[in-house]
Number of protein chains: 2
Amino acid sequence: MQTWRVLNRTVLLDASPWLRVSCEHVHLPNGHEIPDFYRVEMPEWAQVFAVDEHQRVMMIEQYKHGPGVMSLELPAGYLDAGEDPATAARRELLEETGLEASAWRYLGRYFVDGNRGCGTAHIFLALGARQVIAPQREASELIEQHWLTLVEVRTAWLGGRITNLGTLGAVGLALAVLEDTP
Amino acid sequence: MQTWRVLNRTVLLDASPWLRVSCEHVHLPNGHEIPDFYRVEMPEWAQVFAVDEHQRVMMIEQYKHGPGVMSLELPAGYLDAGEDPATAARRELLEETGLEASAWRYLGRYFVDGNRGCGTAHIFLALGARQVIAPQREASELIEQHWLTLVEVRTAWLGGRITNLGTLGAVGLALAVLEDTP
């Protein structure tokens, strides 16, 4: 693999654990150099496509301050320090929605931005989801829960109602995996 | 819509046009306040799922320095200042691969990170793609082009070979739109 070589790295902003920005002087395999390539380190997060026994999917509608819009999303959240993705997925599903699931399948890890980094997303498919407790939300989480049928999710996905790029990727992948699973 | 109110915003790092980081003091509809909510402004970009007359898809394999891996991606790039997404999509497809397409369909705009922002992705489906010139690449673009059949793309997508979250979302959406189109 022809990787880039980092000749020098300077941390410009450290707001850990949320954000750390560095500037790198990089050397490319073809001899070209870029003196100011920016890297943005952000926490890893997990998102869960949770399906219940009636083949309904738990989605949440929530204001997202990044784009400043209401957004239709999957239950998701940052990994705690030292936490593995599967544990974070279970915890976030339980905290945000009060659900547990009987079967879990890992659909992979994905980088958010090819140039800057911007964290890593872990996608999970959870089957046999059922309500076990009331949601335990943080004060910043103003959430509406919706059980959608698979057809409703597919319609929302194809109809432009899912505007979060990460949710778009997870929903499409989970729907296809479910279709392929006997 | 219950939006958050920004009481104060401080720019912490300005590396425009690539990156601008701010810290916001925000007031939530439930009275809760967050004194240090970080916003990361990054450029918008366009990515293109380009299909030729033989129903093959142009994908590119490229080292991405953010995650430090070789990545299977769609032709994509940042919008120039003042450029509209459709123009950028046509330009990037031509520059990166030398292709033009006869029919274009816009599959929507998607925010990259719900909390921080981190830019906006525009997804395009381009049909009737054909080689018109040699690629006109920048010195930093070390790219291998691959024509993949729709089945090969779907296999790569479901098999975990597409590890860029944005590419994951675009590929899944484009494949479904193509399946739904008579």
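Across the stretch A:46-165, the relative contact order, built from alpha-carbon pairs under 8 Å that are at least six residues apart, equals 35 percent.
Once backbone amide H atoms are built at 1.01 Å from N, B:Leu79 has B:Glu44, B:Trp45, B:Ala46 as its partners under 5 Å, excluding neighbours fewer than 5 places away on the same chain.
Each copy carries a label point for A:Ala86 at 7 Å from Cα along the beta-carbon vector; from one copy to the others these points are 4.8 nm apart, nearest first. Going 7 Å from the Cα of B:Ile143 toward and past its Cβ, which residues in the stretch B:99-116 have a backbone nitrogen under 19 Å from where you end up? It comes to B:99-105, nothing else.
Here B:Pro29 yields copy-to-copy label distances, from shortest upward, of 5.1 nm, the label point defined as 7 Å from Cα along Cα to C-beta.
If you take the alpha carbon atoms of the protein assembly as shown and fit the smallest convex hull around them, that volume is 142 Å³ per residue.
In summary, the stretch B:74-122 shows an alpha-carbon radius of gyration equal to 1.24 times the 2.2 N^0.38 Å reference for compact globular proteins. Screening chain A for whole DSSP H helices with an alpha carbon extent of at least 18 angstrom along the helix axis and a mean Kyte-Doolittle hydropathy of at least -0.5 yields A:165-180. Between A:Arg9 and A:Gln131, residue separation times 0.36 nm minus the direct Cα-Cα distance comes to 39.2 nm. Taking only the C-alpha atoms of the stretch B:35-123, the Rg (one decimal) and the largest Cα-Cα distance, Dmax (whole number), read 14.6, 55 Å. Computed over the Cα atoms of chain A, pair by distinct pair, the Kirkwood hydrodynamic radius stands at 17.9 angstrom.
Computed from the coordinates by the stated procedures, all read-outs in this text should not be read as laboratory data. Remember, it's a predicted structure, so these values are computed and weren't measured experimentally. Here Cβ is always computed from backbone atoms with ideal geometry, including for glycine, and neighbour counts include all displayed protein chains.
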